[in-house]
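Structure first, then comments.
The values are calculated or read from the model by the stated rules, or taken from the named source; none is laboratory data. Remember, it's a predicted structure, so these values are computed and weren't measured experimentally. Cβ placement follows ideal geometry from the backbone for every residue including glycine, while neighbour counts extend to all protein chains displayed. Note: accessible area is taken over every heavy atom of the protein model, side chains too, but ligands, DNA and RNA are not part of it. Shrake-Rupley method; radii C 1.70, N 1.55, O 1.52, S 1.80 Å.
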Amino acid sequence: MVNTEHQNKDPLHGITLKMMVEQLESEYGFDGLGWRINIRCFTHDPSIKSSLTFLRKTPWAREKVEALYISTFVKGKK
């Protein structure tokens, strides 16, 4: 039997990086993302595809995106 109670404690369970970036971009736009997380993939010629490429290769930047996603959508329960 799978312990679903343990899985539900992970606020990012079942949410892909692509889903996070798309929802954050929809909420803030790339200008807002670049202001909140100052990384080039959001501030210089941004796109979902280029952002995903960078974030998949850069763990520290991905952690910042995950933290913003949690504070925006999970803790606020939008």
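Count the net charge of all other residues whose Cβ sits under 11 Å from the Cβ of residue 15, scoring Lys and Arg as +1 and Asp and Glu as -1. Let's see the in-between values first.
Numbers: positive: 18; negative: 10, 22, 66.
Local charge sum for residue 15: -2.
Subtracting the Cα-Cα distance of residue 15 and residue 74 from 0.36 nm times their residue separation leaves 20.1 nm of extension gain. Charged side chains reduced to their Cβ positions (Lys and Arg at +1, Asp and Glu at -1) give the chain a dipole of some 120 debye around its Cα centre.
Could you grab the Rg to Rh ratio for the chain? Cα atoms only, Kirkwood for Rh. Ratio value, two decimals: 1.02. Average accessible surface for the chain: 71 Å² per residue, computed with a 1.4 Å probe over protein heavy atoms with every protein chain in place.
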